[in-house]
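Contents: one structure, followed by commentary.
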Amino acid sequence: MKNKHKKIAKKTISVAVKLLIALFFLFPFYWMLITSVKPYLETLQWPPTLWPEQFTWSGYEEVISSMDIGRYLSNTIIVTFTIIGMQFFINVPAAYAFARFEFKGKAAAWGVVMASFMIPGQITFITTYFMFADMGILNTLWPQILPFGANAFAIFLLRQNFKQIPTELLEAARLDGAGEWKIIMKVMIPMSMSSLIAAALFSFIGHWNAYFWPLVMTQDDKLRPITIMVERIKDLEQGMNYTNIMAGTTIITLPILILFLFFSKRIIQAMAYRGMK
Amino acid sequence: MKKILAVFMTLCLLMLSACGGNKDGNSNNGTQQGSNNEDGHPEYVTEPISIEFWHTFGSGQAAAYMEDAVKRFNETNEYGITVVSNYIGGYVTLRSSLTTAIGSKTNPQVAILGLSDILASHGVLCDMSSYAERDGIDLDAFIDGVQTSMYYEDALTAMPFVRSCTLFYYNIDMWNAAGFTEPPKTIEELEQQAAAVAAKNGCAGFCMPIDVSFYQEALLNSMGAEGIIDEDHKGASCLEDGTLETLLTDWKSWIDEGWCVAPALTDTINMVQQQLFAKELASCVASSGSMGAILTYAEQAGVNIGVAPMPGYEGAYGVGSGGDVSIISANNNEQQMAASWEFVKFLMTDEEIALRSEMTGYLPVTSASAALMEDLFSTNENYQIAYDARLDSVDLRGSTYRSEWQTHVSAAVSYVVQDKSMTPKEAVEYLKEMSGTVFY
């Protein structure tokens with residue numbers, strides 16, 4: 001009986017702690033959502049209201065009517081999905097080669113991949129900008145896409161996963177006459193789907209939220225992504241209208257939240273060690 | 001982000017200094033002027049041409065004005081000039097982007113700049129004097145306070161596109177309840193009145209945000225000092241003549257006495273507005289650019305807000321600031337610069353200045369444009385007060401050292417009034433030490 005009570009108490013505490021942690025992480029999203037439907041004066045109120053006293057859609061109306069949201073959104077979608085597509089065709093074969101082949105200069109090449117993983121974009125962007133200017137493609141979406149066609153973190157993640165796949169499976173496929181590309185498509189990818197989705201999702205989040213790179217790489221507002229649109233909403237001299245800013249932020253964040261809800265399990269799986277040998 | 005942009009800009013300027021040069025191979029060691037034709041004047045636009053214009057007006061009425069103005073110019077100019085306008089970002093972002101663009105020879109022809117001195121000092125801005133002289137533009141028509149920011153070493157590198165100035169905002173009902181019918185004009189009056197208002201109404205009497213190149217600059221100027229940077233850009237005499245220490249000592253004592261609230265660490269403008277609307281604060285200083293928003297929301301919140309010139313030590317004193325329109329000479333040829341001048345000239349007509357001011361809430365920079373805004377002046381007493389304050393204000397003096405120096409001064413001020421980890425004397429000593437790394 002005593003043990004049973006102890007067990008229940010332990011479980012209750014465990015659930016309460018988990019709930020607290022969940023609340024801690026969910027609260028900023030909740031705050032963003034409710035602020036986006038509060039009138040401006042209520043957003044300035046102290047103490048703040050945890051539930052809007054008055055609901056308004058003016059923030060969303062203002063953002064949608066005053067900005068060409070469709071254009072910004074389509075730029076973000078084109079850039080993000082083109083990058084993910086390019087990364088699939090570059091990262092997967094690269095990770096496969098690093099995981100499964102021995103070749104001259106492999107260690108050095110791996111070193112280069114790892115080094116690029118560690119160099120922040122702020123160091124390379126001036127030379128990259130000049131390079132794109134020389135190529136004459138500054139006024140296109142390419143400067144936002146090309147530098148991210150390969151992703152060192154994704155190569156690293158996939159390589160680790162590919163290494164865990166038993167060699168016997170690959171040999172069996174080769175005996176059945178499968179070429180390397182077929183092995184990648186029919187064996188490696190299906191068995192590493194979680195890592196692949198996780199890599200794609202990280203890439204998606206990173207490029208959907210990209211601010212610095214598009215800001216410095218674009219001279220034409222027509223080529224800018226939705227993150228820059230939100231920056232336009234704030235007007236420091238007039239004071240920041242949090243209703244509008246949070247409405248814009250909600251519009252940006254919603255696709256990521258939805259994707260995360262669908263794929264959160266896959267991310268956890270990708271990070272977990274797979275015991276199959 | 002500001003730090004990243006600052007590093008980015010410095011790197012770009014270094015590259016620019018090293019590789020500077022326009023398409024014709026001329027080195028940029030001074031501001032460039034349009035080359036003169038036989039009668040001694042720069043050439044006119046001879047055939048249809050397209051020029052690019054980068055600006056900072058991204059939202060609301062300001063963005064609407066910009067779009068309309070460009071459209072009007074494109075439809076009406078006699079030379080077939082087509083202006084393609086692009087919103088780039090705020091002043092810091094635009095300056096950084098422009099610097100990189102100049103380095104990569106992809107820059108526009110016209111741009112709105114915050115403080116243009118740093119670019120002018122690298123010789124990438126056009127001296128518009130000869131164009132102004134050719135077209136008989138009366139540069140003295142611009143109000144006195146904006147004249148300082150138009151020139152870099154006698155070259156006309158900037159035209160005052162939009163202007164605002166420091167203003168004092170106060171809760172009229174609270175002021176009246178404490179027995180005052182007029183807002184303070186001097187710091188002495190501010191100390192007496194704000195303390196009494198705070199005691200009477202049970203709220204904070206006054207708040208001043210930390211903006212050393214605006215509010216604190218105005219107070220230093222009102223003491224007869226040269227501001228946070230000397231006129232010759234070679235130092236900060238406010239550290240030696242005791243004016244900065246006086247200001248910091250006074251400000252700290254106001255906070256210690258309880259009637260003045262220390263500015264919030266972040267998002268000060270919103271915090272101040274929030275406290276004003278909640279009747280937790282009786283007065284503050286803010287830009288005239290915020291006047292529209294403050295008065296509108298105050299009315300909604302049922303707070304009666306009055307506007308007055310910013311009190312100073314020797315009477316009301318204001319500092320002005322705003323964006324300038326400049327022509328980029330780097331990488332642009334004579335025809336592009338001539339077309340750019342036509343656009344700048346259009347933007348600086350009295351009609352455009354008046355329309356821009358009416359639509360955006362900024363203040364007119366010529367008395368003729370102000371005269372065109374009679375309706376607004378007659379129906380909006382506060383706008384008249386703001387304009388009068390602007391007439392008594394002087395634009396911030398540009399300096400290539402300002403950006404770096406104001407970072408140190410802001411930090412020192414913050415240590416005294418927010419963190420309270422330094423005394424005013426220690427802050428001045430700290431700044432004396434730092435000045436050696438900035439001014440050379």
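Points to keep in mind about this one:
- Count of segment A:161-182 residues which are over 16 Å from A:Ile90 (Cα atoms), free of Cβ contacts under 8 Å to residues at least 60 places away in the same chain, of a type outside the set (Asp, Glu) and assigned to a helix (DSSP H, G or I): 6
- Residues that are more than 22 Å from the chain's Cα centre (by Cα), over 20 Å from A:Ile228 (Cα atoms) and within 14 Å of chain A (Cβ to nearest Cβ) are absent from segment B:110-128.
Conditions tested, residue by residue: (1) within 8 Å of chain B (Cβ to nearest Cβ); (2) surrounded by fewer than 20 Cβ atoms within 10 Å (Cβ to Cβ); (3) over 25 Å from A:Phe55 (Cα atoms).
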position	(1), (2), (3)
A:Met188	no, no, yes
A:Ser192	no, no, yes
A:Ala200	no, no, yes
A:His207	no, no, yes
A:Pro214	no, no, yes
A:Glu231	yes, yes, no
A:Met246	no, no, no
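- Applying the condition of being within 14 Å of chain A (Cβ to nearest Cβ) and either outside any helix (DSSP H, G or I) or at pLDDT 95 or above (or both) to segment B:246-272 and asking which residue is farthest from A:Ile245 (Cα to Cα) yields B:Val261.
- One residue stands out in segment A:63-114 among those that are of a type in the set (Lys, Arg) and more than 24 Å from the chain's Cα centre (by Cα): the one that is surrounded by the fewest Cβ atoms within 10 Å (Cβ to Cβ), namely A:Lys104.
- Screening the candidates A:Lys38, A:Lys104 for the property of being in contact (Cβ under 8 Å) with a residue 40 or more places away in the chain, of a type outside the set (Ser, Thr, Tyr) and farther than 22 Å from A:Phe148 by Cα yields one hit, A:Lys38.
- Segments classed as helices (runs of 4 or more DSSP H), wholly inside segment B:94-187, with at least 1 members that are basic (Lys, Arg) and over 26 Å from B:Leu391 (Cα atoms): B:129-134
- Scope segment A:216-229; condition more than 7 Å from chain B (Cβ to nearest Cβ), of a type outside the set (Lys, Arg) and in a loop (DSSP other than H, G, I, E, B); matching residues: A:Thr218, A:Pro225
- You will find that of B:Gln216, B:Gln193, the residue that is outside any loop (DSSP other than H, G, I, E, B), in the same structural domain as B:Leu276 (by TED's automatic domain parsing) and within 17 Å of the chain's Cα centre (by Cα) is B:Gln216 and no other.
- In segment B:275-327, the qualifying residues are those that are within 14 Å of another protein chain (Cβ to nearest Cβ) and at positive phi, and the one that is surrounded by the most Cβ atoms within 10 Å (Cβ to Cβ) is B:Gly322.
- Here the helices (runs of 4 or more DSSP H) wholly within segment B:333-440 that include at least 3 residues being touching a Gly at 6+ places or on another chain (Cβ under 8 Å), closer than 28 Å to B:Pro311 by Cα and in contact (Cβ under 8 Å) with a residue 40 or more places away in the chain are B:381-391.
- Residue list for segment B:63-93, filter: assigned to a helix (DSSP H, G or I) and either of a type in the set (Lys, Arg) or within 14 Å of chain A (Cβ to nearest Cβ) (or both): B:Ala63, B:Ala64, B:Tyr65, B:Met66, B:Glu67, B:Val70, B:Lys71, B:Arg72, B:Tyr91, B:Val92, B:Thr93
- Some residue of segment A:58-73 being outside any helix (DSSP H, G or I), out of contact with any Leu (no Cβ under 9 Å at 6 or more places or on another chain) and of a type in the set (S, T, N, Q): no
The values are calculated or read from the model by the stated rules, or taken from the named source; none is laboratory data. Because the structure is a prediction, the values reported are computed rather than measured. Cβ atoms come from the backbone with ideal geometry, glycine included; neighbour counts cover every protein chain shown.
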